[in-house]
Structures are given as structure tokens and as C-alpha cells.
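Visitor: First the structure, which I've put down as C-alpha cells, then a few questions once you've had a look.
Just so it is clear, none of the values below were taken in a lab; they were calculated from the coordinates. Small disclaimer: the values here were computed from a predicted structure and weren't measured.
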Amino acid sequence: MRRAGLGEGVPQGNYVASGYSVYEEENERLQEGLRDKVHALKHLSIDIGNEVKNQNKMLGDMDSDFDSTGGILGSTMGRLKHLARGSQTKVYCYMLLFALFVFIVLYWVIKLR
């Protein structure tokens, strides 16, 4: 008995052409899916880049705002130190006059009752 060899009884040309066609169609389908994914990733990376640029600009603006605020705060602290180094007698006089004013107003309110 003779065994049938590989490809016997099947026309070689049709088998190869149909196999190639199936693989080619699958390859084109996979290629199209890959193309869509690459396209989506491209747009996503562009959007991320734009967002990073916007965030960097915002951080730069915040940095300059904090610098100006720090300058204003530093000058205010300098004025307070200068005031604190000044004559303590003036501060005590103002506190004494304020306390005296409060006591006079309280006495007046109590006397009118």
C-alpha cells in the first residue's frame, strides 16, 4: 500500500494561493488595528505635551507671584522690626491713652444707666 504524500490530491497552486490570502487578510486586519492604536497614541502624546506646556506656564506664573509676595512680606517685616526697635515709650503712651479712653467710656456708660 502506498501512503498519500503531503499535498497529494490537492492542487498545489490553489492551496498556496488560498493560504496566502488568509494570512494576508489577517495581516492587513492586524495592521489596520495597529495603525489605529498608533494614531490614538500619537494624539494622546500630543495632548499630554500640550498639558505639560500649560502646567509649566502656570507654575512659572505662580513662581513669579510667590516671589513678588515674598518681597512685599519681607518689606513689611522690615517695617515691623523698625517699629519694634523704635521708642518703647511711645508704644506705652499709646497703650496708656487707649486704656484711659476705654475706662472713661465705660464710666460714662455705667453712670448713664
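Visitor: In vacuum, with every alpha carbon of the stretch 23-113 counted as one equal point scatterer, what does the Debye formula give for log10 I(q)/I(0) at q = 0.10, 0.11, 0.13 Å⁻¹? Two decimals, please.
Guide: Debye intensities relative to I(0), on a log10 scale: -0.67, -0.72, -0.80.
Visitor: Cross-link partners among lysines for residue 57, C-alpha distance below 27 Å, same-chain residues fewer than 8 apart left out?
Guide: 42
Visitor: Which three lengths, in whole Å and largest first, does the stretch 68-113 cover when its Cα atoms are put on their principal axes?
Guide: 54, 25, 5
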